[in-house]
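Novice: Quick one: this structure, given as structure tokens, is what I'll be asking you about.
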Amino acid sequence: MKRFSLLLLLVTAMTTMAADYQPADYVWTTQSKNASESMPCGGHDLGMNVWVEDGDLLFYLQQSGWFDENNTLLKAGRWRLHVEGNPFAQDFEQRLCLTDGAIYIKGTRVKIRIWADVFEPIAFVEIDANKKMAATLSYESWRYQDRLITKAACQQCSYKWNIPSDCATIADQITAKGHQLEVLHVNKGQTVFDYTVTRERLDDIKSQLHDPLAGRTMQVSMDAPAFSFQGKRQGQYASTDYQAWDFSTTDIRKTVVRIQADNYEKGAAAHAFSHLPLKNYKKRSAQWWHDYWQRSWIMTDNEELKPLIRNYELFRYMLGCNAYSEWPTKFNGGMFTFDPVYVDSAAPFTPDYRKWGGGTMTAQNQRLVYWPMLKSGDTDLMKAQFDTYLRMLPNAKARTRYYWNHDGACFTEQTENFGLPNPAEYGKFKEGSAPGVERNAWLEYEWDTVLEFCLMIVQARQYANFDITPYEQLIKDCLTFFDEHYQYESSKRGLKALDGKGKLTIYPGSGCETYKMAYNPSSTIAALQALHQAWGKDSAQASRIPEIPLRTIDGKKCIAPAVVWERIQNVETPQLYPVFPWRIYGLGRPQLDIARNTYLYDPHAIEMRSSKGWKQDAIWAACLGLTDEAARLMKEKFADGPYRFPAFWEPAFDWAPDCNRGGSAMISLQEMLLQETPDGQLLLFPAWPKSWNIKFKLHATGGRTVIAEMKNGNNITQ
């Protein structure tokens, strides 16, 4: 701890910086081979994959919330611009300008700027040619007809392996006239919500449950004033046929294409779009991106580190593209998935496909996307995730009351965007089995992940004075569930609801998806302890939480996964969750040696160590001050992905681009640079190699902004 004390003497917290920070542009000077070599762009809740292929500019458009009848997260479509004369054959450049959130493409005599407004879901394509040129602008849709979903492709929706024989993605209504195009998809008939309610035997309370899918409306409006509709044609891209609506012009010298996207529930009003001058949209969006990069930054002159810091920025940019959505950035690709055949040659499906579903949230993975936003100062981006739980709360409470007749809200690990367990993961209910419990070897009794999101909410207040008033009932109901449900479980087994010490017995429990049928799992106990301490609203409940179980390995005291368990099912290390996210053990906290022993000597922790996907070993190493280990794993985490855009990481356990890898990598880097003790004392560079020059601006509790620099080993300046 001497090193940390020294740093605290040399570096102080600061709230302002002298000059603006400008992240570097990311540039390509050759065209791309296919959609897997696309570049992300977006704003508000729109994401675009942009690339130039064989002389044509193409981009996908996706908006958060396009959930169809099957809870597939649909793309809005693909656009293609073909300019006569092949202007991109020479002098080609595609530049992502992070400072204003736009992509600039240029060739011989043609410049194009693609971007999205931050405050409304509107995308713009600005075309500027220095001579008269003919061009064709095409809208390409694979949903021009109904498409049966094959069993192999069923992971894209919530039915997964229980897909009905007639399950299909229903065709959009697409109309074109003059210089305008309209795309409309309205969910009709029975949806996967209806199937889920029946499968989970909740028909008796169906009228009480909120259904966000029935009648949900999704629409796109394109206005291309320099173009006029010419007709339709058939085509093929990657592994999917499509129909194109072609608009042509003989002169694209200077024009702007405007594309609006919208989606809303049945009975809700459509978005009221502004019609501002283009310069107004550009000015306000560019200003937002400029301010976004001033919130926090990390910079280095170390050549080894530069690609890693660049990837940190590129992924943070991807998160910023969904800044003001109603729905959170999905862990399995966010808004930037591309044709699945380029991810897996055995997946020749439509661009709507992503593994692990569209409206399904795998909470263990999803949480990692949002934890780093606290230190990066992006708490406003967290609202979409918090609000999603708030919308799901009534259904989770109704389900809890119906199954177990007690208060609280039970959220499962694989939960739908309407707050019920994924119907396939729920399993097939058998007479005599526990109602409400997923009959799934990985997921049964895995209920505690929601507590992480509750702690995020509390910490958003601690970091940025975020108003948590709307979420207080959510936190209360989640804590109440564990208190009442495990008294209920104990009362079923015997005469007492509490153990001999007046504590809960958390059984049957689960240490993540790994330690199954666990008795007092340490990850759940740490979650309840940490959230109650941060929340501080119910001392009676808090007094009933048991102690974190410990064990001895080769004479060394370690955190135990649980008191006992029946089997190991997955490859997680929940015995280190008391380090992160719950921060009961760690630097500046009691019994650091116990947590370090767990990391260093627990055979399962060693066996499962990895930087792959959602793995958190880099975070734990940083939180425990294991500098060399943290540095090694963080470098692996932030290494370039296999696709052309370096922050498009491989699927690992999920899908591409892997957003929970990006989130966990961000957390590990932040923890290496800045931590806090329970009383708010700052620990600067707690797991940072002295040979790595670095300067950062990050956020801390109490509304503090911290700027610090390490240069040439011990030369620390402020």
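The values are calculated or read from the model by the stated rules, or taken from the named source; none is laboratory data. Note that the structure is predicted; figures quoted are calculated from it, not measured. Glycine gets a Cβ as well: all are built from the backbone with ideal geometry, and neighbour counts include every protein chain shown. These accessible areas exclude ligands, DNA and RNA; they are computed on the full protein's heavy atoms, side chains included. Shrake-Rupley method; radii C 1.70, N 1.55, O 1.52, S 1.80 Å.
Novice: Checking Ser64 against (1) touching a strand residue (DSSP E or B) at 6+ places or on another chain (Cβ under 9 Å); (2) closer than 23 Å to Glu93 by Cβ, which single condition isn't satisfied?
Specialist: (2)
Novice: Oh, and also: Could you tell me which numbered condition Thr175 fails, if it satisfies all but one of (1) without any contact (Cβ under 8 Å) to a residue 24 or more places away in the chain; (2) in contact with a helix residue (DSSP H, G or I) (Cβ under 7 Å, 6 or more places away or on another chain); (3) of a type in the set (S, T, N, Q)?
Specialist: (2)
Novice: A follow-up question, please. Taking into account only those residues within region 249-269 that are part of a loop (DSSP other than H, G, I, E, B) and out of contact with any Pro (no Cβ under 8 Å at 6 or more places or on another chain), which is most open to solvent (accessible area, probe 1.4 Å)? Outline the logic, then answer.
Specialist: The first filter runs over region 249-269 and keeps only residues part of a loop (DSSP other than H, G, I, E, B), leaving 250-253, 265-269.
Now narrow it down to the ones that are out of contact with any Pro (no Cβ under 8 Å at 6 or more places or on another chain): 250-253, 266-269.
Working: Thr250: 98, Asp251: 56, Ile252: 1, Arg253: 106, Lys266: 160, Gly267: 86, Ala268: 51, Ala269: 85 Å².
My answer is Lys266.
Novice: Starting from residues that are open to solvent by 10 Å² or more (accessible area, probe 1.4 Å), in a loop (DSSP other than H, G, I, E, B) and among the small types (Gly, Ala, Ser), keep the ones in region 519-575 and report whichever is modelled with the lowest pLDDT.
Specialist: Filtering first and then ranking leaves Gly536.
Novice: Same structure, new question: Please tell me if Leu319 is open to solvent by less than 10 Å² (accessible area, probe 1.4 Å), in contact (Cβ under 8 Å) with a residue 12 or more places away in the chain and under 22 Å from Asn693 (Cα atoms).
Specialist: So Leu319 fails the test.
Novice: Anything in region 370-420 that is of a type in the set (S, T, N, Q) and on the phi < 0 side of the Ramachandran plot? List them, or say none.
Specialist: Restricting attention to region 370-420, the residues satisfying the condition of being of a type in the set (S, T, N, Q) are 376, 379, 385, 388, 395, 400, 405, 412, 414-415, 417.
Within region 370-420, Ser376, Thr379, Gln385, Thr388, Asn395, Thr400, Thr412, Gln414, Thr415, Asn417 qualify.
Novice: So which helices (runs of 4 or more DSSP H) stay within region 397-512 end to end and still have 3 or more residues that are under 15 Å from Ala363 (Cα atoms) and touching a residue at least 24 places away in the same chain (Cβ under 8 Å)?
Specialist: On the way: elements: 423-426, 450-464, 472-493.
By residue number, 450-464.
Novice: Go through (1) open to solvent by 10 Å² or more (accessible area, probe 1.4 Å); (2) touching a Lys or Arg at 6+ places or on another chain (Cβ under 8 Å); (3) under 23 Å from Met666 (Cα atoms) one by one and return the number of the condition Pro581 breaks.
Specialist: (1)
Novice: Identify all residues within region 223-269 that are farther than 16 Å from Tyr144 by Cα and β-branched (Val, Ile, Thr); write none if there are none.
Specialist: Listed by number, the residues that qualify are Thr249, Thr250, Ile252, Thr255, Val256, Val257, Ile259.
Novice: Look at Tyr144 and say whether it is touching an Asp or Glu at 6+ places or on another chain (Cβ under 9 Å), open to solvent by less than 10 Å² (accessible area, probe 1.4 Å) and in contact (Cβ under 8 Å) with a residue 24 or more places away in the chain.
Specialist: no
Novice: Starting from region 29-56, take each residue that is more than 12 Å from Arg644 (Cβ to Cβ) and list its partners that are basic (Lys, Arg), counting only C-beta distances under 9 angstrom and pairs at least six apart or across chains.
Specialist: Pairs that qualify, where the first residue is more than 12 Å from Arg644 (Cβ to Cβ) and the partner is basic (Lys, Arg), are Asp56/Arg80.
Novice: Here's a follow-up. Within the bounds of region 189-210, is there any residue that is in a strand (DSSP E or B) and of a type in the set (A, V, I, L, M)?
Specialist: no
Novice: Could you tell me which numbered condition Phe119 fails, if it satisfies all but one of (1) under 28 Å from Thr240 (Cβ atoms); (2) out of contact with any Asp or Glu (no Cβ under 8 Å at 6 or more places or on another chain); (3) hydrophobic (A, V, I, L, M, F, W, C)?
Specialist: Condition (1) is where Phe119 drops out.
Novice: Let me ask you something else. Of the residues in region 389-409, how many are surrounded by fewer than 23 Cβ atoms within 10 Å (Cβ to Cβ) and in contact with a helix residue (DSSP H, G or I) (Cβ under 9 Å, 6 or more places away or on another chain)?
Specialist: Initially, region 389-409 is screened for residues surrounded by fewer than 23 Cβ atoms within 10 Å (Cβ to Cβ), giving 390-391, 393-394, 397-398, 400-408.
Checking which are in contact with a helix residue (DSSP H, G or I) (Cβ under 9 Å, 6 or more places away or on another chain) leaves us with 390, 393-394, 397-398, 400-402, 404-408.
Total meeting the criteria: 13.
Novice: Given the structure, is Arg310 open to solvent by 10 Å² or more (accessible area, probe 1.4 Å), assigned to a helix (DSSP H, G or I) and among the charged types (D, E, K, R)?
Specialist: yes
Novice: Starting from residues that are open to solvent by less than 30 Å² (accessible area, probe 1.4 Å) and among the aromatic types (Phe, Trp, Tyr), keep the ones in region 446-472 and report whichever is nearest to Gln681 (Cα to Cα).
Specialist: Filtering region 446-472 for residues that are open to solvent by less than 30 Å² (accessible area, probe 1.4 Å) and among the aromatic types (Phe, Trp, Tyr), the one nearest to Gln681 (Cα to Cα) comes out as Tyr463.
Novice: Please name all residue pairs, on different chains or six or more residues apart, with Cβ atoms under 9 Å, provided the first residue is in region 329-355 and is more than 20 Å from Gln366 (Cα to Cα) and in a helix (DSSP H, G or I) and the second residue is charged (D, E, K, R) and open to solvent by 30 Å² or more (accessible area, probe 1.4 Å).
Specialist: Pairs that qualify, where the first residue is more than 20 Å from Gln366 (Cα to Cα) and in a helix (DSSP H, G or I) and the partner is charged (D, E, K, R) and open to solvent by 30 Å² or more (accessible area, probe 1.4 Å), are Pro340/Lys355; Tyr342/Glu37.
Novice: Any residue in region 624-641 that is under 15 Å from Ile298 (Cα atoms), out of contact with any Pro (no Cβ under 9 Å at 6 or more places or on another chain), open to solvent by less than 10 Å² (accessible area, probe 1.4 Å) and not β-branched (Val, Ile, Thr)?
Specialist: Among the residues of region 624-641, at least one is under 15 Å from Ile298 (Cα atoms), out of contact with any Pro (no Cβ under 9 Å at 6 or more places or on another chain), open to solvent by less than 10 Å² (accessible area, probe 1.4 Å) and not β-branched (Val, Ile, Thr), which makes the answer yes.
Novice: Something else about it: Considering Ser296, Ser285, which residue is of a type in the set (Gly, Ala, Ser), within 27 Å of Leu673 (Cα to Cα) and either touching a Pro at 6+ places or on another chain (Cβ under 8 Å) or crowded, with 20+ Cβ neighbours inside 10 Å (or both)?
Specialist: That would be Ser296, the only listed residue that is of a type in the set (Gly, Ala, Ser), within 27 Å of Leu673 (Cα to Cα) and either touching a Pro at 6+ places or on another chain (Cβ under 8 Å) or crowded, with 20+ Cβ neighbours inside 10 Å (or both).
Novice: Pick from Ala76, Ala116, Ala89: which is more than 26 Å from Asn263 (Cβ to Cβ) and either surrounded by fewer than 24 Cβ atoms within 10 Å (Cβ to Cβ) or modelled with pLDDT of 95 or more (or both)?
Specialist: Details: Ala76 fails: more than 26 Å from Asn263 (Cβ to Cβ); Ala116 fails: more than 26 Å from Asn263 (Cβ to Cβ).
It is Ala89.
Novice: Within region 658-665, does at least one residue satisfy the condition of being in a strand (DSSP E or B), of a type outside the set (Lys, Arg) and either open to solvent by 40 Å² or more (accessible area, probe 1.4 Å) or closer than 27 Å to Gln366 by Cα (or both)?
Specialist: yes
Novice: Looking at Lys690, Lys697, which one is of a type in the set (D, E, K, R), touching a residue at least 24 places away in the same chain (Cβ under 8 Å), open to solvent by 10 Å² or more (accessible area, probe 1.4 Å) and not in a strand (DSSP E or B)?
Specialist: Matching residue, one of Lys690, Lys697: Lys690.
Novice: Could you pull out the residue among Ala134, Ala123 that is buried (at least 23 other Cβ atoms within 10 Å of the Cβ) and in contact (Cβ under 8 Å) with a residue 24 or more places away in the chain?
Specialist: Ala123
Novice: Given the conditions (1) closer than 26 Å to Ala708 by Cβ; (2) buried (at least 24 other Cβ atoms within 10 Å of the Cβ), and given that Trp649 satisfies all but one, which numbered condition is not satisfied?
Specialist: It fails just one condition, (1).
So that you can scan it fast, the table gives a plain yes or no per residue for (1) open to solvent by 80 Å² or more (accessible area, probe 1.4 Å); (2) among the hydrophobic types (A, V, I, L, M, F, W, C):
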| residue | (1), (2) |
| --- | --- |
| Asn162 | no, no |
| Ala168 | no, yes |
| Asp172 | no, no |
| Lys177 | yes, no |
| Asp194 | no, no |
| Met222 | no, yes |
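Novice: In addition: List pairs: first in region 642-662 and under 18 Å from Trp28 (Cα atoms) and among the small types (Gly, Ala, Ser), second part of a loop (DSSP other than H, G, I, E, B) and open to solvent by less than 10 Å² (accessible area, probe 1.4 Å), Cβ under 8 Å, 6+ apart or cross-chain?
Specialist: From region 642-662, the pairs are Ala647/Pro657.
Novice: Only residues that are within 20 Å of Ala35 (Cα to Cα) and among the acidic types (Asp, Glu): list them for region 235-267, please.
Specialist: Asp241
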